[in-house]
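Take a look at the structure set out below.
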Amino acid sequence: MSNDAAVAELLASISSHKQALEGSAHVEIDGNRIIGSGTVPGFEMESDVSENGIILRVRVKAGVKMEKPVHLCFGMLPEEGIQKIDMQVDVEEEAEVSFMAHCTFPNAVDVKHLMDARLNVGPRASYSYFERHVHAEEGGIYVKPKALITLDEGARFKTEFELLKGRVGEIDIDYSATAKADSMMDMLTRIFARGDDKVKIREAAELNGERAVAVLVSHLAVRDDAYADIYSDLAANAPYCRGHVDCKEIVQGNGRARAIPIVAVNNPLAHITHEAAIGSVDSKQLQTLMARGLDEEAATDLIIQGLLS
């Protein structure tokens with residue numbers, strides 16, 4: 001994607017976001033400047049700007065069921081700079097909230113996007129977070145999201161990270177979670193790395209209460225000279241806990257990938273499974289698509305899209 005195309009996409013995205021933001025809680029951040037925000041009943045947000053970046057404090061009051069998602073618009077138009085966000089989210093008992101994070105860096109040559117988040121999901125509360133990144137083709141960006149997640153009894157947590165447009169640059173994801181009884185967590189990451197992109201993902205979860213459930217999924221495509229290192233650590237420490245780790249990576253050209261699933265069962269009534277698959281595009285799928293008229297490159301791209309969809 002050219003810079004002009006990326007800027008056009010950003011402007012179109014901003015326009016559509018403006019419409020989506022009507023009647024919704026939201027915050028819009030350019031670099032380390034807050035350019036817009038809004039709240040709704042039952043949703044409290046405090047924001048501040050310090051020499052270290054943006055500080056966000058979010059609270060969803062007990063019992064509040066938010067009908068519309070909270071929109072977080074993060075981005076930076078300049079070629080160089082550092083965006084730092086310190087975020088605290090507290091979802092109180094039996095509250096429900098979803099977040100949509102739009103992160104766009106269309107001109108990045110030397111940009112850093114740093115996120116340090118702490119998430120507390122209260123008893124029987126529900127929290128979901130979808131984060132989509134759009135980058136430039138130069139790959140001049142470093143993204144480091146870090147999150148510490150705590151799930152109380154019966155809490156529901158879901159996060160989805162997507163980086164499919166533009167070069168990854170370098171990304172270092174670090175999520176750690178603990179879960180009490182009857183809680184559920186679902187973490188999904190989808191990334192397409194090209195050129196000399198570097199991807200590092202670390203996801204760790206501790207199931208500490210009875211019947212807690214966790215699913216950690218990473219789907220990546222690695223092309224050219226890109227590299228991916230996936231570390232998934234899931235431990236079941238209480239009776240009737242259930243978990244699954246799933247890592248699938250397609251490697252092309254001189255790309256390299258490593259997956260390290262670590263599963264620990266520390267109670268005889270708990271159960272965890274894992275699956276890791278790294279390799280080239282499936283030859284049978286490739287032949288089937290080529291037999292239907294696609295050339296090899298188009299067929300390969302379609303298979304990759306299927307993996308990352």
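The values are calculated or read from the model by the stated rules, or taken from the named source; none is laboratory data. Just so it is clear, the model here is predicted, and its values are computed rather than measured. Counting neighbours? That spans all protein chains shown, and the Cβs are built from the backbone with ideal geometry, glycine included.
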Checklist outcome for this item: In region 250-282, residues that are assigned to a strand (DSSP E or B), of a type in the set (Gly, Ala, Ser) and at pLDDT below 95 total 5
Checklist entry - Could you say which residue among Thr39, Thr104 is in contact (Cβ under 8 Å) with a residue 12 or more places away in the chain and in contact with a Gly (Cβ under 8 Å, 6 or more places away or on another chain)? => result Thr104
Next on the checklist: If I ask for residues that are farther than 13 Å from His113 by Cα and of a type in the set (A, V, I, L, M), which ones from region 124-172 would you list?
Outcome noted: Ala125, Ala136, Ala147, Leu148, Ile149, Leu151, Ala155, Leu163, Leu164
Checklist entry - Just for region 76-91: of the residues that are out of contact with any His (no Cβ under 8 Å at 6 or more places or on another chain) and not in a strand (DSSP E or B), which one is farthest from Asp30 (Cα to Cα)? => result Glu79
Item to check | In region 56-82, the residues that are surrounded by fewer than 16 Cβ atoms within 10 Å (Cβ to Cβ) and among the β-branched types (Val, Ile, Thr) | outcome: Ile82
Checklist outcome for this item: Picked from region 43-55 (must be touching a residue at least 24 places away in the same chain (Cβ under 8 Å) and more than 19 Å from Ala95 (Cα to Cα)), the residue surrounded by the fewest Cβ atoms within 10 Å (Cβ to Cβ) is Asn52
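Among the strands (runs of 3 or more DSSP E) contained in region 98-179, which hold 3 or more residues that are at negative phi and under 11 Å from the mean Cα position of the chain (by Cα)?
Working: elements: 110-121, 126-135, 141-151, 156-165, 170-179.
Once the strands (runs of 3 or more DSSP E) in region 98-179 are filtered for at least 3 residues that are at negative phi and under 11 Å from the mean Cα position of the chain (by Cα), what remains is 126-135, 141-151, 156-165, 170-179.
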Checklist entry - For residues in region 161-187 being surrounded by fewer than 18 Cβ atoms within 10 Å (Cβ to Cβ) and modelled with pLDDT of 95 or more, which is farthest from Thr273 (Cα to Cα)? => result Asp172
Next on the checklist: Only one of Gly31, Gly63, Gly36 is at pLDDT 95 or above and among the small types (Gly, Ala, Ser). Can you tell me which?
Outcome noted: Gly63
